[in-house]
Structures are given as structure tokens and as C-alpha cells.
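Here's the structure we're looking at; comments come further down.
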Amino acid sequence: LVPHPQHPQQPSTMSAKEVIASVIEQVHKRDPDQPEFHQAVEEVLHSLEPVLTKRPEYCAVLPAIVEPERIIAFRVRWMTDDLKTMVNRGWRVQFSSAIGPYKGGLRFHPTVTQSVLKFLGFEQIFKNSLTSLPMGGGKGGSDFDPRGRSDGEVMRFCQAFMAELCKYIGPDTDVPAGDINVGGREIGYMFGYYKKLRNEFTGVLTGKGLSFGGSLIRPEATGYGLVYFAKEIVTAALSTDLSGKRVIISGSGNVSLFAVEKCLDMGAIPVSVSDSGGCCYFKDGISREACAALMTLKFEQRKRLSEFASDGCCYIEGSKSVWKLDADAFMVLPCATQNEMDKDDATAMLAANKGVKVIAEGANMPLTSPAIEYLMSSGVIYGPAKAANAGGVSVSGLEMTQNSIRLPWTREEVDKKLNDIMARIHTSCTETIATYGLKPNDYQAAANIAGFVKVADAMLAQGTV
């Protein structure tokens, strides 16, 4: 017998599988037009059956854990350089504060919807739990598109956005960070306006500049952490290292390019980066000089990969072209955006690269569920985003700590702490696999269960709140 999901004080004859199905059905009924959120909920809940069977008291928290504690939606009015008034939508999804203040990025992109932010916030709950740092889960952003906008327009939008958001965040309440199209420039504008409005200097945002409370390694953290986690998988599951291994990487933002850099540090051979227009393929691998040039192109000049010129680089048009590369790859790191690889892409990638052993997610949910199932059934070890890309939020947590103690750490100290956190996440996954008798190398279920247990324990201990 397990507790009924809606009435935990009453026993039920429902099995763990039936409880999961009941909660998923309720999610679909309440929010029928939120496919990204449905995908995230289904992926997590289906993997929890072993722990719910072993610990049936956890069934009682399922209906609450899939419902955000609070969703804030607001209008953002701002002015262009030619004095036109523009209106965008802004959101903050404060999903769970069971183990700490809400923590998660802000995304500025035309594709941002409440469904996308709920999926990201839901994933963030378990990712943050895995880091072992005291951080809850949240996510926010706007449908604002910064591409083609001047610095002045971006500043005015960020200030208008923060004018509303500042009412709901704080260093002990909700600490946003960056995400797609929200980097150091945008964080700086928002932090400055928060400081002006609230008349206080606090660690309310992470990803800040080093001159005003930021942490070393923060821009690099997600990409570095991804490679650290992949290294742990390769060492534990395949008894080898990354030296000399060829790596397909998608995307060309912070995550992708710093993953390229860390691959080079470990002796691996990264061979690609991509954007929505196409991909750059380096048959002999991306050199350090090419990596630096790509960072200049993307971070400073904000140009497309089609404008990149370098010896040994072949530009191939098409947003999916990166998955068709015949690159003799050992490892694949999708680092662009959600659902960038579907089953057809995974099939094409594996057909062209029969030696692929590991795929680890640098972006949030970049693989569709059918793609994950196909790759795992083909013997590829899958590192899910909530574990593999937890490096970014880990160093955000370390930035919060440095702000609280008013003491900055060195680059070496932060990098070592990041490496240690990613190693602990891997250990937590392998221990969970053993504890619940999961399939060997099932990091997907292990990460979900390990992240869930800590949050569920906290929710049960805190009562009906």
C-alpha cells in the first residue's frame, strides 16, 4: 500500500507506477498547452518508480513538487533608441524553496514561454539538490530578443525588467543568474538597477563582474563542469581517459566554448561548434588559437559562425548539420538549447560516428525523450543535464558564499571546488545506482532519484507548506 497522492493520510491500493501516472495526468489536465513542462515532468517521475516503491511515503510529495510555489508574470515596457515604446512579457517561476532560496537563471529569447520556464525551473530543483549546496529551484526570463539591439536598448530593457523583478528577489529569497542571452553585460545592468532601487549592495544576482562581487570561473563553470563530469563517467564506466578522444560539441555560447577549452586542457580533441545557421567542423581538432578566436567572435563581436574564418575550419550550413558530421567521435556534448537533438538526429549522428561511447548534456534537456531512449538502447552512456551541466549553478552557489563571507577565492580554489562538486555528483549517481538496483550506468534515473530524495525529505520534514 502507498499513500494516495492527493490524500497522503489515506492508504491506497495504487502502486508506485499508478501514482506516477495519476500525477502526470493531473499535470496534463491543469496545463494542457505546456509540452516542454510535460516532457520534463514525465522524464523525472517515470524514473522515480524504484524509490517510490522502496519509500512509499515519498508519494505524498509528488503533487506538490510538480506545482510551482509561485509564478510571477509582468509587463516590461522599454524604449528603443528612436524613442519607440516596446512591450515584452517577463516571468519568474519560483518553483521550490525546500532546501534553500530559489536559484536559477534568466533567459531572454523570443521562444521563452511559461511552459519553457516551468520545465527549466523544475529541472533546476533536482540539479541544485545534486550539488549538495543549499539552493532551491527557479527560473525566469522574457520573450525579449537582444539580437540586433544596441547596448543602450539592452540596458533600458534590463532596467525595466528589474524594476518589476526586484520586488520578488533577494539574497535570502531568490537569487537569479544568467542563461541564454543573459551574460555579464545584462547581469551588470540588472544588478546596478537593483542596487539603485533597493539602496543596498547584496549578492542578489550571480554571474556578476569581478569588480562588484562576481566569482572567478563563473563564465567557464558550466562548460568546465560538463567536461569534469564526463571525465568521471569515462574513468568509472570505461576505464580510460579523455586524452586523444575526439569530441563533437554543439552550440557556441559560454557552455560550448569553455567545454572546448577544458577538453583541450584534458588532451581531448574537440572538433565542432555550431549555431542556428550551421556548424564549424575542424577535422584536425580546434586549436587553442581557434578557440580564442571563436570566443572573440561570439562574446565580443556577437557575430555568426558563418563569418568565422580559420585554417582547418569548414563551415557547413544547416542547424542540424553538426549531427551529420563524420568525425570519428568518441564523445558528444550537446550544448546549444532544449530539444536540439531528436531521434532522427541521434540516429544520423550514431550512423556517422559508430565509436561514440558517451553523450553528456551541456544544455538543458537538449535531447528529446525518444533520442535518449535510442542512444541508451544502442549502448551509449548518457549523462543527463541535471548532473552534467550542474557546474554553472554550483559556482553560482560558490559566488553566493563568497558574497556572504565578503571574501573572494582564487581561480584555483574555485576550480578545485567545482571539480570536487562534479565528482561528488558522479559518486552520488553511482551510489544511487547500487542502492536502488538500477541498470549499470543509468545516470538518468540515478540523478533524478538522488536529487529528488533530498528535496522530498525536506518537504516531508517541513510539513504542509
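The values are calculated or read from the model by the stated rules, or taken from the named source; none is laboratory data. Because the structure is predicted, anything quoted here is derived from the model rather than measured. In this analysis, Cβ positions are derived from the backbone assuming ideal geometry, glycine residues included, and neighbour counts consider all displayed protein chains. SASA here: full protein model, heavy atoms, side chains in, ligands and nucleic acids out. Shrake-Rupley method; radii C 1.70, N 1.55, O 1.52, S 1.80 Å.
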Inset, instruction - Report the relative contact order of the chain, percent, no decimals, based on alpha-carbon pairs under 8 angstrom and at least 6 residues apart. - result: 14 percent
Legend entry - Accessible area of the stretch 44-101 belonging to carbon and sulfur atoms, whole % at 1.4 Å probe: 50 percent
Legend entry - In Å, descending, principal axis extents of the Cα set of the stretch 15-121: 62, 29, 17
Inset, instruction - Hey, can you find the accessible area per residue of the chain for me, probe 1.4 Å, expressed in square angstrom? - result: 40 Å²
Inset, instruction - Could you let me know the centre-to-centre spacing of the stretch 298-320 and the stretch 36-92, using Cα atoms, in angstrom? - result: 34 Å
Legend entry - For the stretch 360-465, Kirkwood radius (reciprocal of mean inverse C-alpha pair distance, Å): 15.6 Å
Legend entry - Packing rank of 236-245, 112-121, where each peptide gets the mean count of other beta carbons within 10 Å, highest leading: 112-121, 236-245
Inset, instruction - State to the nearest 20 debye the size of the charge dipole of the stretch 68-191 about its Cα centre, where the only charges are +1 on K and R beta carbons and -1 on D and E beta carbons. - result: 200 debye
Inset, instruction - Calculate the dipole size of the stretch 324-404 relative to its Cα centre from +1 charges on Lys and Arg beta carbons and -1 charges on Asp and Glu beta carbons; express the result in debye to the nearest 20. - result: 180 debye
Legend entry - Percent carbon-and-sulfur accessible area, the stretch 188-283, ignoring ligands, DNA and RNA, probe 1.4 Å: 50 percent
Legend entry - Column: log10 I(q)/I(0), Debye, Cα scatterers of the chain, q = 0.05, 0.07, 0.12, 0.14 Å⁻¹: -0.17, -0.34, -1.04, -1.41
Legend entry - Computed lengthening from Glu57 to Ser243, 0.36 nm per intervening residue step minus Cα-Cα distance: 62.4 nm
Legend entry - Sum of -39500 (n - 2.57) over DSSP H runs of 4+, divided by residues of the chain (222 nm, nearest 500): -14000 deg cm²/dmol
Legend entry - Lys, Arg +1 and Asp, Glu -1 on Cβ, resulting dipole of the chain about Cα centre, debye, nearest 20: 820 debye
Legend entry - Cα-only radius of gyration and Dmax that characterise the stretch 146-227, units Å: 12.9, 40
Legend entry - Whole-angstrom gap from the stretch 429-465 to the stretch 354-392, using each part's C-alpha centre: 19 Å
Legend entry - Whole-Hz ³J(HN,Hα) from phi, Karplus 6.51 cos²θ - 1.76 cosθ + 1.60, for the stretch 247-255, glycine and proline x: 10, 8, 10, 9, x, 8, x, 3, 4
Inset, instruction - For the stretch 318-465, give the percent of accessible area contributed by carbon and sulfur heavy atoms, probe 1.4 Å, rounded to a whole number. - result: 53 percent
